[in-house]
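For reference, the structure discussed in these notes is given below.
The values are calculated or read from the model by the stated rules, or taken from the named source; none is laboratory data. All of these numbers come straight from a predicted model, not from anything done at the bench. Cβ: placed from backbone, ideal geometry, glycine included. Neighbour counts: every protein chain shown.
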Amino acid sequence: MSEDLINNLYEKLYLIRCVEETIAERYNEGKMRCPTHLSTGQEAVSAAFSLVAKKDDFAVSTHRGHAHYLAKGGCLDSMIAEIYGKITGCSKGKGGSMHLIDLNVNFMGTSAIVGNSIPVGVGLALSTQIQNQDSISFIFLGDGSIEEGVFYESANFAAIRNLPTLFICENNLYSVYSGLEVRQPKKRSIAHMVSSIGIESFTCDGNDSLKCYNILKDQTESVRQGSGPKFIEFSTYRWREHCGPEFDNNLGYRKEEEFLYWKDHDPLVQLQELINDKNIIDKINNKIEEKVKSAFDFADSSPFPNSKDAYKGIYAD
């Protein structure tokens, strides 16, 4: 792997980490009035995705979508302003953390409803196929959404129509407080189940940025060449609570040993060890930290919507 590739992966990963850690640090100030779902510890998949997706490609995501939005090139200022409920936000302050969108880069939205964005992503793939476009549709989903009926319907349709879509499943082992072992059959990977639908499926270490990049690059190229839908199950882990800025190992639904195991496999640290040059790391970190501070300053100083804004953006023109 080239030094430039590793540096680019690190820069995008650190951007996501820095943004979400700043959200966690400032959340209790009371200025972010919406629920927020952080993906700290899971950023390798998004960092890799940022280097393989084209601007014209579509992407949809979940309630835990900050990383995906940023990886697709979504405007950072608009994202933070949205979380602050400001008129300068990407949803004009109405959507909050779980409803991010940036049409300028074809990031078509996130949803608070589990599985809700999956059929949207499949519909976007159908649209590109009908219009004979080169774009493909990336669908981010979690292990919990696999248990929603709409996943099977959408995946089946994608397989039947040979649609240009790549399902990116971040399996972080938990749906709120319920572990995978009490929700899905034991000794069966999600990827194995999806392959039975007729979609070629793969598994990958979701904390290894280089492995994530390689498989995403290969399967993105394959989909783009007309091979039909693909599914990748990335094994990863969220550090913080399901919803909110705190750590919740004291609740008892997961063990401290498990948390420490995954934290020892921090994707950020892995990339720092590959770079192995403090000057390069510090230069990237300083640039990102200034950018993030500027975004929070922008959000803090932006105005709130007024009462008339409540009636705007309700219906399509």
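Take the residues in the range 249-264 that are touching a residue at least 40 places away in the same chain (Cβ under 8 Å) and buried (at least 16 other Cβ atoms within 10 Å of the Cβ), then tell me which one is nearest to C204 (Cα to Cα).
Filtering first and then ranking leaves W262.
On the given criteria, is E246 buried (at least 18 other Cβ atoms within 10 Å of the Cβ) and either within 24 Å of A67 (Cα to Cα) or of a type in the set (G, A, S) (or both)?
So E246 fails the test.
Which ones in the range 31-76 are under 19 Å from L271 (Cβ atoms) and β-branched (V, I, T)?
Hits for the range 31-76 are T40, V45, V52.
Among A158, A191, A112, which is assigned to a helix (DSSP H, G or I), within 30 Å of K263 (Cα to Cα) and not polar (S, T, N, Q)?
A191
Are any residues in the range 77-95 under 18 Å from the mean Cα position of the chain (by Cα) and under 28 Å from S127 (Cα atoms), and if so, which ones?
S78, M79, C90, S91, G95
Test D134 against the stated conditions and say whether it is modelled with pLDDT under 95 and surrounded by fewer than 24 Cβ atoms within 10 Å (Cβ to Cβ).
Yes: the conditions hold for D134.
Among the residues of the range 168-188, which ones are outside any loop (DSSP other than H, G, I, E, B), of a type in the set (S, T, Y) and over 16 Å from G115 (Cα atoms)?
S178 - this is the single residue of the range 168-188 that is outside any loop (DSSP other than H, G, I, E, B), of a type in the set (S, T, Y) and over 16 Å from G115 (Cα atoms).
Exactly one condition in (1) without any contact (Cβ under 8 Å) to a residue 60 or more places away in the chain; (2) outside any loop (DSSP other than H, G, I, E, B); (3) touching a Ser or Thr at 6+ places or on another chain (Cβ under 7 Å) is not met by H63; state its number.
For H63, the failing item is (2).
Of these, A310, A316, A299, which one is surrounded by 14 or more Cβ atoms within 10 Å (Cβ to Cβ) and more than 25 Å from F247 (Cα to Cα)?
A299
Among the residues of the range 91-109, which ones are part of a helix (DSSP H, G or I) and touching a helix residue (DSSP H, G or I) at 6+ places or on another chain (Cβ under 7 Å)?
G96, S97
Does S78 count as among the hydroxyl-bearing types (S, T, Y) and touching a Cys at 6+ places or on another chain (Cβ under 8 Å)?
yes
Results for (1) farther than 19 Å from G41 by Cβ; (2) out of contact with any Ser or Thr (no Cβ under 6 Å at 6 or more places or on another chain); (3) modelled with pLDDT of 95 or more; (4) exposed (fewer than 15 other Cβ atoms within 10 Å of the Cβ), shown as yes or no for each residue.
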site: T220; (1), (2), (3), (4): yes, yes, yes, no
site: S235; (1), (2), (3), (4): no, yes, yes, no
site: R240; (1), (2), (3), (4): no, no, yes, no
site: L271; (1), (2), (3), (4): no, no, yes, no
site: E290; (1), (2), (3), (4): yes, yes, yes, yes
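Go through the range 66-90 and give me each residue that's part of a loop (DSSP other than H, G, I, E, B) and in contact with a Ser or Thr (Cβ under 9 Å, 6 or more places away or on another chain).
Those that are part of a loop (DSSP other than H, G, I, E, B) and in contact with a Ser or Thr (Cβ under 9 Å, 6 or more places away or on another chain): K72, G73, Y84, K86, I87, T88, G89, C90.
Quick one: which residue in Y14, Y27, Y10 is of a type in the set (S, T, Y) and touching a Pro at 6+ places or on another chain (Cβ under 7 Å)?
So the residue among Y14, Y27, Y10 that is of a type in the set (S, T, Y) and touching a Pro at 6+ places or on another chain (Cβ under 7 Å) is Y27.
Taking the range 12-23, which residues are surrounded by 19 or more Cβ atoms within 10 Å (Cβ to Cβ) and either over 25 Å from E246 (Cα atoms) or among the β-branched types (V, I, T) (or both)?
Scanning the range 12-23 gives I16, V19, I23.
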